[in-house]
Amino acid sequence: MVLVLALDDGHVLSVRSFVLAASLFLCLTAGISEAPGQADASPGDGLFSEAAVRGDFEFLYETLQASHFELYAHCSREAYDRYYREVLGSIDRPMSRLDAVRLFMPFVAFGQIGHARIDFPVQDYIEYIQAGGTLLPLDIRMQNGHAYIAYNYTDASALAPGMEFIALNGRAGARLVESVSRYVSAERPYMVHAQLESMFPRLVWLESGKMDAFRVAVRPDSGKDTTVTVDAAPVMVLEQQKGAREALQNRRKAELLSDGIAYLQPGPFYAAKAGETVDTFEAFIDGAFRHFIESHARDLVIDLRNNPGGDNSFSDPMIAWFADRPFRFASRYEVKASSQTRRVLQDLAVEEPGGVSAEMLDAMGQRENGETFEFEIPTVQPRRDSTFAGRIWVLVNRHSYSNATTVAAIIQDYGFGTVLGEETSDVPTSFASSAQFTLPETGIVVTYPKAYFVRPSGDEGPHGVVPDHLFHFPIVPAEEDSVLQEVLAYIGSRRP
């Protein structure tokens, strides 16, 4: 039996990393037109009544309290209740669905748990694109609490990648980063900052709306601040470039490098394009490992940098090629019983009778709502036939999310290989196994964690996967992938 526990939702629009560019572009070109919840809006004005918005907000908090595994794990109930009263008191007028998202999204993120979130409003964003919307033409890179320009989507040479981002329209860059961070669900600032690197222009739009031009203050290496005024970039232009770059980062690739070193970039652990399935992914993995074995590769680099994750039905067959003992992604897995989670599991059990969801629903039937219980995670067996006997090296960075983080933790904790790179921003011990509910009036979808799992080693610390050997990642990536070149040199130097 393949165990699929939805560490994330397995779809790029729901992936915790907010890596949306390629999918947004695909959704737009596919002509998505439905707007969830709009049928409940007031006739003719696209607004929801004050009573409808207040009712949805009350339903949101009540359902989170009842269904979230531990809503107050990182934030006290007193603080959450105080924030709830403030938000409820601010609902004093009819609102659009987008305005409701702007209000509710930071509230869900307030608990500092990545799997409790309201996703970026994709449909509203697509409508903004179709209407000729524009964005801040810059991506940022966070380093030691400071923001730097990572990509410039204009021809303004004065805004060179690598310059420190000081201010926007007279507003201090640090204040702006802090403000848009309210929309990001994450366990710690390191993860918030990592997600800002993927989402910054979009979140600036979400907070401030459309702007035609921006005054950007930067600090070059010379130390003399400079302010440059740039036009906003058409969203389509920016998204096409981001989508092309991220598609390259998430491709599936297997090849032999020099000196007996094999290289595997598995790509996302889900069906990333039409026609892909678990079976086609496994066929790619099997073909790659057979080629590596036949070529007598002595080392294998598994590149999980910028990997958005997915689920273990894809990754387990890969690990089984080099595992030397049974393994599983968690040493402990606990679930909270609730009415909402029962409804979610019932729907999933109908789709897959006899599957894990049905088993979990059956176990939950013996518990009262609010009770937590341990759910047994079966182990995955190593392959019994041909296996890869060379050394395994796993390359991660701050953008190795969800199941990519879990894969790195499994390999590190079981001693299957060596982890290299920089600490992941996502955490291998977390409140996860996402489920969802929909607000009845606005149609806004809310994701919450119904479970809690601990990485194989039993470490419950609030940190990511810390590499066995750290590498420095530059603010501006080099075209020749300097990090990979350093990794290959390091592997060569560790040969017996």
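The values are calculated or read from the model by the stated rules, or taken from the named source; none is laboratory data. Everything quoted here is computed from the prediction, not taken from an experiment. For neighbour counting, all protein chains shown are included, and Cβ atoms are generated from backbone atoms with ideal geometry for every residue, glycine included. Ligands, DNA and RNA are stripped out before the accessible areas are found, and what is left, the full protein with its side chains, is counted by its heavy atoms. Shrake-Rupley method; radii C 1.70, N 1.55, O 1.52, S 1.80 Å.
Miscellaneous remarks
- For segment 440-496, the share of alpha carbon pairs falling in successive 5 Å distance bins from zero is 4, 10, 14, 12, 10, 11, 14, 11, 7, 4, 2, 1, 0 percent.
- Among beta bridges that DSSP assigns inside the chain, antiparallel share in %, nearest 5: 75
- Between E352 and E276, the contour length at 0.36 nm per residue exceeds the alpha carbon distance by 25.4 nm.
- Accessible surface of segment 402-451, 1.4 Å probe, proportion on carbon and sulfur as whole %: 40
- Per residue, the Cα convex hull of segment 295-371 amounts to 166 Å³.
- Note on segment 184-297: Rg/Rh from C-alpha atoms, Kirkwood Rh, equals 1.13.
- Burial ranking of peptide ranges 81-92, 321-332 (average Cβ count within 10 Å, highest at the top): 321-332, 81-92
- Take the Cβ atoms of K210 and D385, set R0 to 41 Å, and the FRET efficiency comes out at 0.10.
- CD proxy at 222 nm, helix term only [per DSSP H run n ≥ 4: -39500 (n - 2.57); per residue of the chain; nearest 500]: -11000 deg cm²/dmol
- The D481 and E359 beta-carbon pair, evaluated with R₀ = 60 Å, returns a calculated FRET efficiency of approximately 0.85.
- Counting only protein heavy atoms and a 1.4 Å probe, the chain has 41 square angstrom of accessible area per residue.
- Rounded to two decimals, the Cα radius of gyration of segment 392-464 over 2.2 N^0.38 Å is 1.34.
- Applying 0.36 nm per residue to the separation of N144 and A156 and subtracting their alpha-carbon distance, the gain on full extension is 1.7 nm.
- D (Stokes-Einstein, µm²/s), Kirkwood Cα radius, segment 131-183, 1.306 mPa s at 10 °C: 133
- A Förster radius of 35 Å combined with the Cβ-Cβ distance from K224 to R245 puts the calculated FRET efficiency at roughly 0.70.
- Expected-Rg normalisation [2.2 N^0.38 Å, Cα atoms] applied to segment 238-344: 1.32
- All-pairs alpha carbon distance profile, segment 352-473, 10 Å steps from 0, percent: 11, 31, 30, 20, 7, 1
- Bins of 10 Å, starting at 0 and running to the largest distance - Cα pair percent for segment 337-397: 18, 32, 18, 22, 10
- The lysines whose alpha-carbon is closer than 28 Å to the alpha-carbon of K242, local same-chain residues fewer than 8 away aside, are K210, K253, K273.
- With DNA, RNA and ligands ignored, accessible area of R188 (1.4 Å probe; Å², nearest 10): 40
- Cut-off under 5 Å, modelled amide H: who pairs with Y401 long-range: N307, G309
- All Cα pairs of segment 287-328, percent lying beyond 16 Å: 48
- Convex hull volume of the chain per residue (C-alpha atoms, cubic angstrom): 155
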